[in-house]
Amino acid sequence: MAGQVASSRSSESFEYMLLEGDPCELRPVLSTTTEHSPWIDPNVLKLKHRIGRGPFGDVWIATQHRRTDDYDHYHEVAVKMLYPIKDDQIKTCLAKFETMFSKCKGIENVCFLDGVSLQIGRVCIVMKYYEGSIGDKMARLKGGRLSLSDVLRYSDDLAQGVLELHRRGILLLNLKPCNFLLDKNDRAVIGDFGIPFLLHGLSLPCPDLIQRLGTPNYMAPEQWEPSINGPFSFEADSWGFGCSIVEMLSGSQPWRGRSSDEIYQLVAIKKEKPDIPRGLPSELEDILYGCFEYDFRNRPSMKDIVHAFQSCKGSICSENDANYQMAEKSSYVNYTDWSLLKDQLQVGDTVRSRKPKNSCKPEIMEIPEGTVVGMESDGFVLVRVHGIHNPLRVHSSMVERVTFGLVVGDWVRVMNEDKKQSPVGILHSIERDGMVTAGFIGLDTLWTGHCSKLQLAESYCIGQFLRVKSSISMPRFEWPHKQGGEWATGRIYDIHPNGCLVVKFPGKFSFGETGSYLADPSEVELISFKKCDGVVKKYQHLEDFHWAVRPLVIAFGLFTAMKLGIFVGKSVGRSRKKVGKVTILSGQVEEQLDRQSSADSAWLPHSVANILFGEGVATPAR
């Protein structure tokens with residue numbers, strides 16, 4: 001019987017012999033060891049016809065000739081012929097494949113790799129041939145939709161295969177129904193895996209292949225520009241897996257009919273997500289919502305996905321297939337915060353109260369630092385805090401582990417700086433032995449090393465104002481200037497997982513939607529009223545809050561000047577009226593007094609001069 005294997009183990013290697021024939025009369029077909037080279041002689045492969053084409057190459061059916069001393073064997077294989085690679089890069093590609101080949105042996109639910117070869121100067125990955133895929137099965141069905149039971153069954157097989165590949169350090173980056181193969185027992189198998197990661201870092205002749213690390217309809221936001229939006233990690237496969245599940249349920253490919261540029265704008269810039277059907281089991285719906293989180297740190301790991309699908313086994317949808325598949329976007333809101341499940345606490349861990357991520361709000365540290373002394377089955381832990389007699393009982397989601405003074409999410413600076421990457425980034429994980437992973441601008445993948453090579457850096461949060469340091473003449477990213485030539489001040493609107501700051505300039509007027517800029521955290525400095533010297537600087541910082549501040553100040557100043565002018569004018573007018581009235585009254589009084597003097601002159605006494613000097617009034621002559 002073909003496929004029976006006789007094996008014998010030793011301490012150094014594992015040898016096997018493939019046997020074929022009736023159970024009573026088995027004959028050897030192939031004998032080899034697990035340490036054989038993956039290289040296949042191009043002369044033993046004969047391409048027959050092409051059966052498919054993908055973003056990274058063509059798929060062919062071929063016959064492979066295997067020969068031993070007394071036996072010749074021909075069998076069909078599938079050959080993935082990659083698009084042309086530069087000659088000086090082929091050796092690197094083959095070396096990376098050999099590493100992947102050695103890691104993925106013996107994994108269940110994963111397509112068996114025969115090896116690698118060269119045909120007409122192109123790298124060819126040789127693998128087991130399967131008759132069809134889930135994508136082919138969907139194409140034959142009315143509406144292109146699978147039943148919920150089939151989706152759950154296939155997804156469970158696929159998730160376990162992806163999880164095992166992740167455990168061996170292999171990223172897939174191209175999960176989609178057409179790459180989910182079906183064996184003769186209708187079990188789902190992962191095929192065509194690891195090719196984007198295989199080509200990553202190579203100098204390829206096609207620029208489109210360099211920029212894309214997957215099929216656009218299934219690519220996570222960080223896959224588009226991993227050195228800026230990334231880095232990409234295992235959670236990038238969670239996004240692609242979620243897109244595949246939605247397609248199997250709805251029969252419609254995510255972003256169908258959209259170009260690559262349009263999908264990039266929707267996913268990476270506008271942060272839109274595929275619609276999720278309604279009426280699904282709560283565990284499945286919760287997982288799908290988590291798979292489409294923009295920040296991959298908030299997505300479920302493949303271990304979480306496997307657990308969810310195993311929980312869904314045997315569950316029956318409350319509505320029929322047509323209802324849940326044709327429904328509009330679900331209104332489900334009580335989803336799990338998967339970032340809180342990334343780290344499992346243990347007794348003896350040092351913990352503190354969890355800080356809000358990317359927030360400038362003041363921190364309330366109920367537990368500044370404590371030690372876990374007990375674990376409970378309901379997710380609560382007992383934490384002993386210095387100065388408090390009895391341990392505090394808190395939920396594990398409310399605290400975070402502190403290891404060597406570092407916590408996941410801290411801003412860190414690498415001591416040995418590299419010009420290709422930013423020295424400042426964000427810590428993603430820290431093991432109890434001190435090994436860490438961190439994201440830095442300029443790196444497509446997570447930086448891995450020991451925590452002794454990092455130190456804490458100044459942290460940034462959404463809402464803060466900043467500008468490029470005056471000592472920086474040419475920043476990594478484009479940055480606007482003020483009219484005087486100084487660097488403009490912007491406000492942080494988003495922070496990528498690698499520490500890249502998304503900045504907008506509310507103080508600059510622009511028509512339509514406000515554009516955003518990017519900033520390297522090592523090249524900027526924070527701006528606040530406390531750091532502004534003098535009233536002029538403080539007012540200039542006030543203008544950074546919104547472009548309307550200056551027009552409002554000018555309008556307010558003009559309005560105040562007009563009101564003051566009107567008030568002064570009225571005051572002067574009133575004073576003039578009062579002076580005129582007093583003058584008129586004084587003239588009237590004088591005139592009245594003159595009249596009274598002439599009228600009463602007969603009885604008035606002689607003037608003092610007449611009395612003193614004898615000068616009297618002349619008397620008529622007699």
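The values are calculated or read from the model by the stated rules, or taken from the named source; none is laboratory data. On a predicted model such as this, the values are computed, not experimentally measured, just so you know. With ideal geometry, Cβ positions are generated from the backbone for all residues, glycine too; neighbour counts draw on all protein chains shown.
Checking the range 413-425 against the condition returns no match, with no residue being among the small types (Gly, Ala, Ser) and exposed (fewer than 12 other Cβ atoms within 10 Å of the Cβ). Residue count for the range 164-177 satisfying the condition of being surrounded by fewer than 21 Cβ atoms within 10 Å (Cβ to Cβ), touching a residue at least 40 places away in the same chain (Cβ under 8 Å) and in a helix (DSSP H, G or I): 2.
For the range 428-436, the criterion of being among the small types (Gly, Ala, Ser), over 21 Å from Ile228 (Cβ atoms) and without any contact (Cβ under 8 Å) to a residue 60 or more places away in the chain is met by at least one residue.
Looking at Asp433, Asp418, just one residue is within 25 Å of Gly348 (Cα to Cα) and of a type in the set (Asp, Glu), and that residue is Asp433. Does Val126 meet the test of being in contact with an Asp or Glu (Cβ under 7 Å, 6 or more places away or on another chain) and either assigned to a helix (DSSP H, G or I) or of a type in the set (A, V, I, L, M, F, W, C) (or both)? Yes: the conditions hold for Val126.
For the range 448-457, state whether one or more residues are modelled with pLDDT of 90 or more and over 22 Å from Glu431 (Cα atoms). Checking the range 448-457: not a single residue is modelled with pLDDT of 90 or more and over 22 Å from Glu431 (Cα atoms). Entry remark, the range 133-146: residues being loosely packed, with under 15 Cβ neighbours inside 10 Å, of a type outside the set (D, E, K, R) and modelled with pLDDT of 90 or more number 2 in total.
Hey, any hits in the range 128-149 for a residue that's among the polar types (S, T, N, Q), touching a residue at least 24 places away in the same chain (Cβ under 8 Å) and more than 17 Å from Asn109 (Cα to Cα)? Among the residues of the range 128-149, at least one is among the polar types (S, T, N, Q), touching a residue at least 24 places away in the same chain (Cβ under 8 Å) and more than 17 Å from Asn109 (Cα to Cα), which makes the answer yes. Would you say Asp192 is surrounded by 23 or more Cβ atoms within 10 Å (Cβ to Cβ), in contact (Cβ under 8 Å) with a residue 40 or more places away in the chain and either among the charged types (D, E, K, R) or outside the structural domain of Phe309 (by TED's automatic domain parsing) (or both)? Judged against the criteria, Asp192 is a match. The residues in the range 380-422 that are touching a residue at least 40 places away in the same chain (Cβ under 8 Å), of a type outside the set (A, V, I, L, M) and not in a loop (DSSP other than H, G, I, E, B) can be counted, and the count is 7. Checking Asp494, Asp433 one by one, the residue that is of a type in the set (D, E, K, R) and assigned to a loop (DSSP other than H, G, I, E, B) is Asp433 and no other. For the range 216-264, a residue qualifies if it is over 24 Å from Ser155 (Cα atoms) and either surrounded by 21 or more Cβ atoms within 10 Å (Cβ to Cβ) or within 14 Å of the chain's Cα centre (by Cα) (or both), and the qualifying residues are Trp224, Glu225, Pro226, Ser227, Ile228, Asn229, Gly230, Pro231, Tyr264. Candidates in the range 436-463 are the residues that are in a loop (DSSP other than H, G, I, E, B) and loosely packed, with under 14 Cβ neighbours inside 10 Å; of these, the one that is nearest to the chain's Cα centre (by Cα) is Gly463. Just to be sure, is Ser429 more than 28 Å from Glu525 (Cβ to Cβ), out of contact with any strand residue (DSSP E or B) (no Cβ under 8 Å at 6 or more places or on another chain) and either among the polar types (S, T, N, Q) or surrounded by fewer than 18 Cβ atoms within 10 Å (Cβ to Cβ) (or both)? The answer is no for Ser429.
Residue-wise test of (1) assigned by TED's automatic domain parsing to the domain that holds Ile276; (2) in contact with a helix residue (DSSP H, G or I) (Cβ under 9 Å, 6 or more places away or on another chain); (3) modelled with pLDDT of 50 or more; (4) within 18 Å of Ala159 (Cβ to Cβ).
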| position | (1), (2), (3), (4) |
| --- | --- |
| Phe296 | yes, yes, yes, yes |
| Arg299 | yes, yes, yes, yes |
| Ile305 | yes, yes, yes, yes |
| Ser318 | yes, yes, no, no |
| Tyr324 | yes, yes, yes, no |
| Glu328 | yes, no, no, no |
